[in-house]
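Below is one structure; the comments refer to it alone.
Coordinate-derived values only; no laboratory data. All of these numbers come straight from a predicted model, not from anything done at the bench. Using ideal geometry, Cβ is built from the backbone for each residue, glycine included, and neighbour counts are taken over all protein chains shown.
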Amino acid sequence: MHMSLKVLIRLAAPALLGLIFSCEREPVFIGTLTPEDTLDPGDTLPGPGGHPCDPDTVYFAQQILPILMSNCAMSGCHDKTSHEEDVILDSYASVRNTGGIKLNDPKDSKLYKVLLITDPNDRMPPPPMAALPAAQADLILKWIQQGAQNLTCDGGCDTAQVAYAASVWPILDLHCKGCHSGTAPSGGIALSNYSEVKASADNGSLWGSISHLSGYVAMPYPEGSAKLSECKLRTIRLWIDAGAPNN
């Protein structure tokens, strides 16, 4: 006895739907290596008329990459040479291609999930490095939620009033603390609180490293990384020249 065409379609429909949905995949990264400038048409960069960074937008080069370079993209972990588990986190393209980014489910992105693991044998960054601060993990999640884009902007440079808490510490927290904290800070130099930063400023090692002076290990790490921006260097220099106060 032959089944009708309608019955065959009815029986086959669930299998067809299952096949369709099983083939769903995360969109393939087709981004650009060059950051997309968010300046308004006709604006100049830098200078008057430039479009300032939007506090509600996450910018990869300015906010996300420094976190990854300081905490992940180092020798033995996720730089180009070591590429642990085939993950490289030293550029926008490599982060998008190997970081397990899931735009359709940001919280399930590997780059974010490994930051939340409490087991010291599995979490990233691994011991003896300190766990990533919650604020930085949240920033990475927000970046993914906003589409994991490669955006840039005109942040400006205001050094009229330089203070440790508002001006200097945010720079060190973003670019340096990852390597220089925990039970075994890189080079034996800890920069996880004011007293430690003050000691490094007083003995000249902080300025020598970040300004790439001869005789000092150039920072930020890894070797070959670009220096901090002129604005950030000037901010720290002004603070040191003022006596490195805890203000």
Using amide H atoms built 1.01 Å from N in the peptide plane, name the residues 5+ places from Leu151, or on other chains, whose amide H lies under 5 Å from its own.
Glu36, Phe60, Ala61
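So, counting K/R as plus one and D/E as minus one, what does the shell of residues with Cβ under 12 Å around Cys176 add up to? Provide the component values of the computation, followed by the final result.
Details: positive: Lys177, Lys232; negative: Asp173, Glu196.
Charge balance near Cys176 sits at 0.
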Electrostatic dipole magnitude of the stretch 105-236 [Cβ: Lys, Arg +1; Asp, Glu -1; Cα centre; debye, to 20]:
20 debye
